[in-house]
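Throughout, read-outs are computed from the coordinates displayed, never taken from laboratory work. These numbers were taken from a predicted model, which means no experiment stands behind them. Glycine also receives a Cβ, built like all others from the backbone with ideal geometry; neighbour counts cover every protein chain displayed.
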Amino acid sequence: MNTATDLILIGALAGVWLTAGLLADALPGARTARELRRRARTLSMLVGGGVAVFIAVPLVTGILSGTSAAPAAAVLPAVPALIVVLVTTRRLAQVRRGAGAFATAPLTPAPPALLAAAAHPLVATPLQVTGLAALAGVPIAAGVIEVPGAQVAGIVLTVVGVAVLALGIRHAIRHSRLNVKVFAPIGKVRLRPVPVRHTAAETYTALPLETGPAENYASSARRAA
């Protein structure tokens with residue numbers, strides 16, 4: 001059994017995804033558009049690194065001889081990681097493109113709408129759940145917990161489930177608070193009536209009366225006679 005290799009692989013998996021979860025938690029705290037774009041780009045790179053570690057687990061364990069517990073330990077974080085790939089990466093791309101619109105003015109304060117989008121529960125929650133699930137796989141890789149059929153595994157799954165619920169509620173509350181700030185300037189504006197400007201009264205001047213064509217012809221005939 002390649003315990004050392006399993007620990008290295010699952011430890012790297014947990015380290016990458018835990019770092020991504022911490023960075024995702026700090027993503028809505030960016031003050032400028034440039035900082036928000038930089039954090040979103042770094043977070044996308046960490047997601048790519050985490051997916052690369054997932055791919056490396058079966059490849060490395062397949063090359064080495066002997067049994068390995070790393071594939072079994074990587075199954076638990078694989079489910080939330082799939083949600084990250086399908087949902088979170090798309091939202092990160094939207095935040096990154098939105099912040100990139102301020103490339104000509106990088107010191108512009110981060111717009112409240114982008115901060116609310118960065119605080120969406122589907123951005124940070126799947127990343128943090130993946131990190132916690134990968135961390136729970138470390139005892140499996142070390143051989144302390146045998147899967148399946150261990151009571152400790154059930155306890156670990158219960159703890160991870162409670163953590164998922166707590167993280168989802170926390171991020172939903174923060175998203176709602178930041179989402180209110182998007183409409184806050186509208187509520188603070190007081191509409192005032194526009195003062196009426198008094199202008200001088202316009203007078204109409206009648207144009208001189210024009211004679212008809214028949215009268216002009218008659219007067220011309222008299223002058224000719």
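Could you compute the FRET efficiency for T67 and A172, with r as their C-beta to C-beta distance and R0 at 45 Å, rounded to 0.05?
Values: r = 42 Å, r/R0 = 0.93.
For R0 = 45 Å, the calculated efficiency reads 0.60.
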Review point. Most exposed first by the Cβ proxy, i.e. fewest other Cβ within 10 Å, how do D25, D6 rank?
Key: D25, D6
Revision key, fill the gap. Note, the stretch 108-113: 3J(HN,Hα) by Karplus (6.51, -1.76, 1.60, θ = phi - 60°), whole Hz, Gly/Pro = x, goes 5, x, 4, x, x, 5
Practice item. Run the quick spin-label model on T32 and A163: label points 7 Å from Cα toward the beta carbon, then report their separation in nm to one decimal. Key: 3.5 nm
Check your understanding: Sequence-distant or interchain residues sharing an amide H contact under 5 Å with T32, placed H: which?
Key -> A110
Practice item. Take S44, S65 and order them by how many other Cβ atoms sit within 10 Å, fewest up front. Key: S65, S44
Practice item. Figure the gain on full extension for R90 and L122 (residue separation times 0.36 nm, minus the Cα-Cα span) and round it to one decimal in nm. Key: 10.5 nm
Study note, to complete from the structure: Checking rank on 26-39, 84-97, 116-129, with mean other Cβ inside 10 Å and highest first, the result is 116-129, 26-39, 84-97
